[in-house]
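The values are calculated or read from the model by the stated rules, or taken from the named source; none is laboratory data. Quick caveat, the model's predicted, so the values are computed rather than measured. Please note: Cβ atoms are built from the backbone with ideal geometry, for glycine as well, and neighbour counts cover all protein chains shown. Areas reflect the complete protein model, heavy atoms only, side chains present, ligands, DNA and RNA absent. Shrake-Rupley method; radii C 1.70, N 1.55, O 1.52, S 1.80 Å.
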Amino acid sequence: MALLVSRVNFLSLTNVNLNAYKIKNILIFLAFFFIIIALARPQFGYKKRTIIKESSEIVISLDVSRSMLAQDLKPNRLEKAKDMVLKIVGENSGEKIGIIVFAGSAMWQCPMTYDSQALKMFLRSVETTSLPIGGTQISDAITLASKAVEKELSNGKIMVLISDGEDHDSGIKEAINKAKKAGLKIIAVGIGTPNGSPIPVKDESGIIKDYIKDRTGQIVVSKINANLLKSVASETGGKYFDASVKDISGELSRAVRDLEKNKNKISERDSKIDRFQIFLFVALLLLFIELLFPVKRLKK
């Protein structure tokens with residue numbers, strides 16, 4: 001289509017600076033071009049990158065021997081211990097936690113998991129009848145926990161051992177050595193009182209009908225063995241808590257959190273460097289320069 005007005009007449013009739021108009025269009029086009037490149041997030045060049053991970057492994061070992069039915073702590077030692085475990089699980093959601101029960105042997109009540117609801121469900125089903133063998137073999141629980149975490153990269157390996165400490169085996173030293181080799185720190189919780197309490201025997205309706213007696217017919221009084229639990233905690237770099245005097249749930253949860261968080265250097269690797277900032281800067285610079293070219297000519 002033919003021009004209705006020649007370029008000379010157009011310039012004489014208007015004050016539009018056609019050269020500036022063209023330059024502005026070119027600058028805007030280039031600016032959007034560089035913005036599109038920036039959005040593509042170009043990468044070139046390499047740098048060393050260290051991968052850091054905060055992780056922890058928490059194993060809760062709960063004594064389910066018959067002595068945990070003693071009622072020197074209300075309603076009894078086992079129910080008191082289960083309440084503490086529920087609080088630990090609740091205040092450490094998102095962490096990998098497992099539950100071991102032990103008496104004359106030890107087994108996993110709930111394998112290591114991040115599912116706090118599953119942990120609580122398995123915990124509620126814990127009873128003194130969970131294991132067929134009587135007695136208290138703390139070493140079995142420590143050994144089982146050590147095997148579970150020995151190959152983990154985490155330095156935050158913790159075992160919360162809740163027991164009255166009435167241990168009936170001689171393998172505790174060997175078990176402690178295994179825990180130390182696996183990097184497992186033990187927080188021991190003494191559940192019971194120094195004066196102790198008899199162990200009730202209940203009928204099917206839950207009514208106490210008698211108390212456990214020894215071979216001579218004397219009522220057995222179960223007392224806490226705090227010295228053993230303190231030794232286990234001390235030798236593995238953990239802590240000991242006495243649950244006989246006050247509610248230590250808050251202190252226990254804080255101790256677990258203090259020990260569990262360990263930054264672990266997983267690996268170093270080369271990674272490409274983001275360079276989109278360069279193209280974004282160029283685009284912004286072009287848009288700024290575009291503003292310096294007025295479309296209207298200055299009057300003479």
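Every residue in the stretch 127-164 that is of a type in the set (S, T, N, Q) and touching a helix residue (DSSP H, G or I) at 6+ places or on another chain (Cβ under 8 Å), please.
Thr128, Thr136, Ser139, Thr143, Ser146, Ser163, listed by residue number.
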Point to revise | Sole residue being of a type in the set (A, V, I, L, M), in contact (Cβ under 8 Å) with a residue 40 or more places away in the chain and in a strand (DSSP E or B), chosen from Ile88, Ile100 | key: Ile100
Revision key, fill the gap. Contact list, first residue from the stretch 104-123 and more than 13 Å from Asn92 (Cα to Cα), second anywhere and open to solvent by 30 Å² or more (accessible area, probe 1.4 Å) and of a type outside the set (A, V, I, L, M), beta-carbon distance below 6 Å, six or more apart or interchain, is Gly104/Gly134; Gly104/Gly135; Gly104/Gln137; Ser105/Asp140; Ala106/Asp140; Gln109/Phe122; Cys110/Phe122; Met112/Lys96
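Please note which strands (runs of 3 or more DSSP E) are completely contained in the stretch 157-231 and include at least 3 residues that are in contact with a Gly (Cβ under 9 Å, 6 or more places away or on another chain) and closer than 24 Å to Ile142 by Cβ.
Output list reads 157-163, 184-190.
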Point to revise | Unmet criterion (only one of (1) within 29 Å of Ile176 (Cβ to Cβ); (2) outside any strand (DSSP E or B)) for Phe241 | key: (2)
Exercise for review: Quickly run through the stretch 178-201 and pick out the residues that are surrounded by fewer than 14 Cβ atoms within 10 Å (Cβ to Cβ) and without any contact (Cβ under 8 Å) to a residue 60 or more places away in the chain.
Suggested key: Lys181, Pro194, Val201
Exercise for review: Confirm whether Asn19 is under 30 Å from Leu284 (Cβ atoms), among the polar types (S, T, N, Q), at pLDDT 80 or above and surrounded by fewer than 13 Cβ atoms within 10 Å (Cβ to Cβ).
Suggested key: no
Check your understanding: Across the stretch 122-139, which residue is nearest to Leu69 (Cα to Cα) among those that are open to solvent by 70 Å² or more (accessible area, probe 1.4 Å) and in a loop (DSSP other than H, G, I, E, B)?
Key -> Glu127
Check your understanding: Counting only residues that are open to solvent by 30 Å² or more (accessible area, probe 1.4 Å) and not in a loop (DSSP other than H, G, I, E, B), how many does the stretch 140-156 have?
Key -> 4
Study note, to complete from the structure: Note: among Arg41, Arg66, just one is in contact (Cβ under 8 Å) with a residue 60 or more places away in the chain and closer than 30 Å to Leu252 by Cα, namely Arg66
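Table: residues versus (1) open to solvent by 80 Å² or more (accessible area, probe 1.4 Å); (2) more than 30 Å from Lys147 (Cα to Cα); (3) modelled with pLDDT of 70 or more; (4) not aromatic (Phe, Trp, Tyr).
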| residue | (1), (2), (3), (4) |
| --- | --- |
| Leu30 | no, yes, yes, yes |
| Ile37 | no, yes, yes, yes |
| Gly45 | no, yes, yes, yes |
| Thr50 | no, no, no, yes |
| Val59 | no, no, yes, yes |
| Leu69 | no, no, yes, yes |
| Ala81 | no, no, yes, yes |
Practice item. Hey, can you tell me all the residues within the stretch 126-166 that are of a type in the set (D, E, K, R) and either closer than 20 Å to Glu79 by Cα or free of Cβ contacts under 8 Å to residues at least 12 places away in the same chain (or both)? Key: Glu127, Lys151, Asp164, Glu166
Exercise for review: Name the residue, out of Gly190, Gly98, that is over 20 Å from Lys230 (Cα atoms) and in contact with a Phe, Trp or Tyr (Cβ under 8 Å, 6 or more places away or on another chain).
Suggested key: Gly98
Practice item. For residues that are open to solvent by 10 Å² or more (accessible area, probe 1.4 Å) and within 25 Å of Pro132 (Cβ to Cβ), tally how many sit in the stretch 83-100. Key: 0
Practice item. Scan the stretch 201-246 residue by residue and report those that are of a type in the set (Phe, Trp, Tyr) and either modelled with pLDDT under 90 or at positive phi (or both). Key: none
Exercise for review: Hey, can you tell me all the residues within the stretch 157-174 that are surrounded by 24 or more Cβ atoms within 10 Å (Cβ to Cβ), closer than 18 Å to Asn225 by Cβ and of a type in the set (A, V, I, L, M)?
Suggested key: Met159, Val160, Leu161, Ile162
